[in-house]
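Participant: Shown below is the structure under consideration.
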Amino acid sequence: MHREIHSWYSPNLYKNMEIAVYGHYGFALLMFPTAGADFLEYERFQMIDAIAPFINEGKCKVFSINSINNESWLNKQMYPPHKSIRHGQYNQYVVEEVVNFIFNHCHGQVPIITTGASLGAYHAANMFFRRPDLFRGTIAMSGVYDLKRYTDGYYDQHVYFNSPVDYLPNLTDENLLNRMRNNLGIVIASGQGEYEDPGASIHLSNILNSKGIKHWLDLWGHDMRHDWPTWREMLPYFLSNWKI
């Protein structure tokens, strides 16, 4: 498998940010790490190995980026408005820097599908719903889509516009909604075992149904807990059913 590591100084985040690239061809699969993890997390936990057949066959080219969750909502010592600002800077980093890197690396505007597990699922889904003009779909595994679950009671306009269960019900922009409806695939998946919250996925699914946004809600068994073995089964399964 072809593997590259890139990094650059991010003008949005004021720090160096790394990205791992796996593969040579196919649609771009943009991976967001769990919790406070880094750009090599999916490699360390054998997720890249689990989806290697799709990478090697040229179905997808994987881009795994860093998180800054420890510099925003997971940082208990940080002033809440500053956490909010930092989250916004991360969004800009992805939209302005990562997307351009992907297009340049792929020599064209290939479809970008976002994915992630746990807190990474939140980022993957939120990024798609906020910018369906840039991202064509998402595979969100074991996520919670109410940002307020991470803000310890803090709420501002930025929290609202980054909490899908808050902003999606009030979204009336038909241009944005139609882009979401004309997606290449939305997967909202969860196990029902230990530490999973399938209700969060069901809640998001109900909102998408109310907006006429086609998607795949997939709840796995009670033996599927919030952990890597679950996600290593989920992602290859969804990629094998992907229509691109």
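No lab work stands behind these numbers, since they all come straight from the coordinates. Keep in mind that what you see is a predicted model, and the values were worked out from it rather than measured. Note that we place each Cβ from the backbone using ideal geometry, even for glycine, and neighbour counts take in every protein chain shown.
Participant: In deg cm²/dmol, rounded to 500, what helix-only [θ] at 222 nm does the chain give when every DSSP H run of at least 4 residues adds -39500 (n - 2.57) and the total is split over its residues?
Facilitator: Computed mean residue ellipticity for the chain: -9500 deg cm²/dmol.
Participant: Moving to a separate point now. Count charges around residue 64 for me, please; just the other residues with Cβ under 10 Å from its Cβ, Lys/Arg as +1, Asp/Glu as -1.
Facilitator: -4
Participant: Among residues other than residue 162 whose Cβ falls under 13 Å from its Cβ, what is the net charge (Lys/Arg +1, Asp/Glu -1)?
Facilitator: In short, +3.
Participant: Also: So how do 155, 22, 90 line up by other beta-carbon neighbours within 10 Å, fewest first?
Facilitator: 155, 22, 90
Participant: Within 10 Å of each residue's Cβ, count the other Cβ atoms and sort 44, 149 from fewest upward.
Facilitator: Starting with the residue having the fewest Cβ neighbours, the order is 44, 149.
Participant: Now for a separate question. Among DSSP beta bridges lying fully in the chain, give the percent that are antiparallel, nearest 5.
Facilitator: Once the DSSP bridges in the chain are tallied, antiparallel ones form about 35 percent.
Participant: How do 85, 188 line up, fewest other C-beta atoms within 10 Å first?
Facilitator: Ascending Cβ contact count within 10 Å gives the list 85, 188.
Participant: Still on this model: Taking amide H positions as placed in the peptide plane 1.01 Å from N, state which residues far from residue 218 in sequence (5 or more) or on other chains have amide H under 5 Å from it.
Facilitator: Result for residue 218 returns 188, 189, 190.
Participant: Could you tell me which of the pairs 15/83; 61/243; 15/148; 59/243; 83/148 are separated by over 20 angstrom between their Cα atoms in the structure shown?
Facilitator: Violating the 20 Å limit, Cα to Cα: 15/148.
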